[in-house]
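Participant: Before I ask anything, here is the structure I am working with.
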């Protein structure tokens, strides 16, 4: 089998995927709403207060609240899928708060399977991973807001205070580009960079809580860029892929490996480009190629 690595090249930077944590009232939501053309998912249901309504109108946000299904994980995933695959004017999507969404799902799971050995969290992790797959496909700035909570670390037989962390899926920080903690210091508000894959955002540093500052640091031309939807494999392509798999009696483990590599649960979630590559491979294999 030949080596499949390719030469690295400079590519257009993607829109940022950000985790924002912090205590209540520090300015997380208002900061997020300053991102361009936001689609705001109000999972908390708190944006019905006058100051939030005024801000939503000011920035011309699109609002998705409890009445529209914001506390239903399946609805959140479906909205994210539509944002990823249809043409629209939005350049940012805000999940406020993901902690609420995750904990609601865990509470539902606890009533069914209990909480022993973290069963409730494991159940809540399943739709979270599905959501993350669609978030990865979004050509939008993604802001996932989480509540702040104390972090405790075990050292020997003792628990010691380890600062603050976020409430929710514990692997969230590894799924995203940036983790920013918003802090109020006197009359000033700043964000501290907790984790970063972006060179201009230095871990441990503090910056003013201001969207203009963020955009300059990340690249205003990237933030201002119009979002481009993903074109999914169509029904004809999916049907042909499934037909060839059946004809050639491809083992289920191999089929699952293809889905895992494409980061999808079914072939209908593949992009058109992914589907065409798999279809080309299957046709070549059918004709005796390798």
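The values are calculated or read from the model by the stated rules, or taken from the named source; none is laboratory data. Because the structure is a prediction, the values reported are computed rather than measured. Please note: Cβ atoms are built from the backbone with ideal geometry, for glycine as well, and neighbour counts cover all protein chains shown.
Participant: Conditions first: (1) touching a helix residue (DSSP H, G or I) at 6+ places or on another chain (Cβ under 7 Å); (2) surrounded by 17 or more Cβ atoms within 10 Å (Cβ to Cβ). Residue 91 passes all but one, so which condition is the exception?
Facilitator: All conditions pass for residue 91, except number (1).
Participant: Out of all the residues in segment 135-178, which are in a helix (DSSP H, G or I) and touching a residue at least 60 places away in the same chain (Cβ under 8 Å)? If you could, list the steps in order and put the result at the bottom.
Facilitator: Of segment 135-178, the ones in a helix (DSSP H, G or I) are 135-137, 172-175.
Correct list: 135, 136, 137, 172, 173, 175.
Participant: Here's something else I'd like to know. Quick one: would you say residue 92 is in contact with a strand residue (DSSP E or B) (Cβ under 8 Å, 6 or more places away or on another chain), assigned by TED's automatic domain parsing to the domain that holds residue 29 and under 17 Å from residue 176 (Cβ atoms)? Lay out the reasoning, then the answer.
Facilitator: Values: in contact with a strand residue (DSSP E or B) (Cβ under 8 Å, 6 or more places away or on another chain): yes; assigned by TED's automatic domain parsing to the domain that holds residue 29: yes; under 17 Å from residue 176 (Cβ atoms): yes.
Yes: the conditions hold for residue 92.
Participant: Could you list, in sequence order, the residues of segment 95-135 that are within 18 Å of residue 19 (Cα to Cα) and surrounded by fewer than 16 Cβ atoms within 10 Å (Cβ to Cβ)?
Facilitator: 129
Participant: If I filter segment 254-290 down to residues being more than 28 Å from residue 84 (Cα to Cα) and in a helix (DSSP H, G or I), which single residue comes out as farthest from the chain's Cα centre (by Cα)?
Facilitator: Let us first name the residues in segment 254-290 that are more than 28 Å from residue 84 (Cα to Cα), namely 283-290.
So of that shortlist, the ones also in a helix (DSSP H, G or I) come out as 283-286.
Working: 283: 34, 284: 35, 285: 35, 286: 37 Å.
My answer is 286.
Participant: Do any helices (runs of 4 or more DSSP H) entirely within segment 42-126 hold 2 or more residues that are under 23 Å from residue 27 (Cβ atoms), and if so, which? Outline the logic, then answer.
Facilitator: Values: elements: 50-58, 73-85, 98-113.
It comes to 50-58, 98-113.
Participant: Still on this structure, please answer the following. Does residue 177 qualify as being within 15 Å of the chain's Cα centre (by Cα) and loosely packed, with under 14 Cβ neighbours inside 10 Å?
Facilitator: Details: within 15 Å of the chain's Cα centre (by Cα): yes; loosely packed, with under 14 Cβ neighbours inside 10 Å: no.
So residue 177 does not fit the description; no.
Participant: While we're here: So how many residues does segment 251-265 have that are in contact with a helix residue (DSSP H, G or I) (Cβ under 8 Å, 6 or more places away or on another chain) and at pLDDT 90 or above? Lay out the reasoning, then the answer.
Facilitator: Quick first cut of segment 251-265, residues in contact with a helix residue (DSSP H, G or I) (Cβ under 8 Å, 6 or more places away or on another chain) only: 255, 258-259, 262-265.
Narrowing further to those that are at pLDDT 90 or above: 255, 258-259.
The number of residues fulfilling the criteria is 3.
Participant: Tell me yes or no: at least one residue of segment 27-38 is free of Cβ contacts under 8 Å to residues at least 40 places away in the same chain and in the same structural domain as residue 191 (by TED's automatic domain parsing). Don't jump to the end; show me each part of the working.
Facilitator: The initial filter retains those residues of segment 27-38 that are free of Cβ contacts under 8 Å to residues at least 40 places away in the same chain, namely 30.
Now narrow it down to the ones that are in the same structural domain as residue 191 (by TED's automatic domain parsing): 30.
The answer is yes, given that some residue of segment 27-38 is free of Cβ contacts under 8 Å to residues at least 40 places away in the same chain and in the same structural domain as residue 191 (by TED's automatic domain parsing).
Participant: Do you know which of the residues in segment 231-284 that are more than 22 Å from residue 133 (Cβ to Cβ) and in contact (Cβ under 8 Å) with a residue 40 or more places away in the chain is surrounded by the most Cβ atoms within 10 Å (Cβ to Cβ)?
Facilitator: So the first thing to find is which residues in segment 231-284 are more than 22 Å from residue 133 (Cβ to Cβ), and the list is 236, 239-240, 243-244, 246-251, 280, 282-284.
Restricting the remaining residues to those that are in contact (Cβ under 8 Å) with a residue 40 or more places away in the chain gives 244, 282.
Values: 244: 17, 282: 19.
Ranking the candidates gives 282 first.
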